[in-house]
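J.: This is the structure, below, for whatever I ask next.
Any read-out appearing in this document is the output of simple, stated calculations on the displayed coordinates, not a laboratory observation. Computed from a prediction, not measured in an experiment: that's the story for all the values here. Note: ideal-geometry Cβ built from the backbone for every residue, glycine included; neighbour counts use all protein chains shown.
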Amino acid sequence: MPQSVKHQNIVELVDLCRDESPYRYWVVMKFAPGGNLFERALERFKGGGFTEKEVAKMISDVLFACQHMHERRIVHCDLKPENILCVSNEPDANLCVTDFGLAQFCVNAKVGKYHGTLDYMAPEIIEDDSSRSYDTKADVWSVGCLMYVLLCGCLPFRKNGPNKSLADQERSDFLTKCHIKTGEVEMNRPPWPQISDAAKTLLRRMLSKDPAQRPSAAECLKDHWFRMASGEVIHGGDRVRPQARRAQDCSLDRDCVRARVRVRAGSRVSAGTQPATS
């Protein structure tokens, strides 16, 4: 799949090799010394988080990658901080999308296989209807979830605290799936009153439950929030601090670490499987 794309915001495929085993391939990608966005976000939120200008830069990088992919009818299907690399250790380093292991080509403008990581899945993907289908707008939803995380330090649809057992995890995934289907996100408690209306308006558009009402990646990039942010109009560059929640609720580090654990445990969903439910 990476052979079909070549863009500054998509990690470069250097080589693809196969060893003596017919089922094992080696993918050589360009080195990104800045690590992934997951680790960078954890570090930054320890010290106060990102400015809206910084978030706008990061989200625009990912949207440019999506625009390039979507023009070629490719849906990434698993956009999340772990799958976005920083090309250097500089604070304003360009971001590159990586891990095309679940990417799909659209067939007749739609794809129907069940792919992704639950916390970043669009509602049309998790529908139980056998006629379920989705297209490039599913990636826009995932970028909206990413934008939410970078602005406030919390996942948008996972409301409960850490899971202590498999049953807790299954119930948490079930409730998260229900929240995703409603498409409703929390934007009232801190730090949201300090975040610009322009950012919240774009975020609501990207997290529209109806994909027909959701903007494309190209349309998102035309939003005036990016122009405002690049001009440092928004809050004079004040940092966005993590959302203050009750002790039993989750902050960025616990949410994202738990999300990583779920991926390793099998909650990264591929074709023909369903996320855990109770």
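J.: By count of other Cβ within 10 Å, fewest leading, how are 165, 172 ordered?
T.: The fewest-first ordering by Cβ neighbours comes to 165, 172.
J.: Which peptide among 76-83, 42-49, 23-30 comes first, and what is the full order, when sorted by highest mean count of other Cβ atoms within 10 Å? Numbers along the way, then the final one.
T.: On the way: 76-83: 25.1, 42-49: 15.0, 23-30: 10.8.
Per-residue Cβ counts within 10 Å, averaged per peptide and sorted highest first, yield 76-83, 42-49, 23-30.
J.: Hey, got the dipole for segment 91-188? About the Cα centre, +1 on K and R Cβ, -1 on D and E Cβ, debye to the nearest 20?
T.: Rounded to the nearest 20 debye, it is 120 debye.
J.: Using amide H atoms built 1.01 Å from N in the peptide plane, name the residues 5+ places from residue 29, or on other chains, whose amide H lies under 5 Å from its own.
T.: 14
J.: With label points built 7 Å along Cα→Cβ from the Cα atoms of residue 17 and residue 42, find their separation and express it in nm.
T.: A separation of 3.0 nm, rounded to one decimal place.
J.: What is the gain in length, in nm to one decimal, between residue 128 and residue 29 on full extension, counting 0.36 nm per residue of separation less the C-alpha to C-alpha distance?
T.: Answer, rounded to one decimal: 32.0 nm.
J.: A further question follows. Straight-line reach from residue 53: which lysines fall under 29 Å, measuring Cα to Cα and dropping same-chain residues less than 8 apart?
T.: Straight-line reach from residue 53, under 29 Å: 6, 30, 80, 137, 159, 200, 209, 222.
J.: Which aspartates and glutamates have a Cα less than 19 Å from the Cα of residue 46, not counting those fewer than 8 places away in the same chain?
T.: In chain and number order, the partners are 54, 82, 90, 92, 238, 249, 253, 255.
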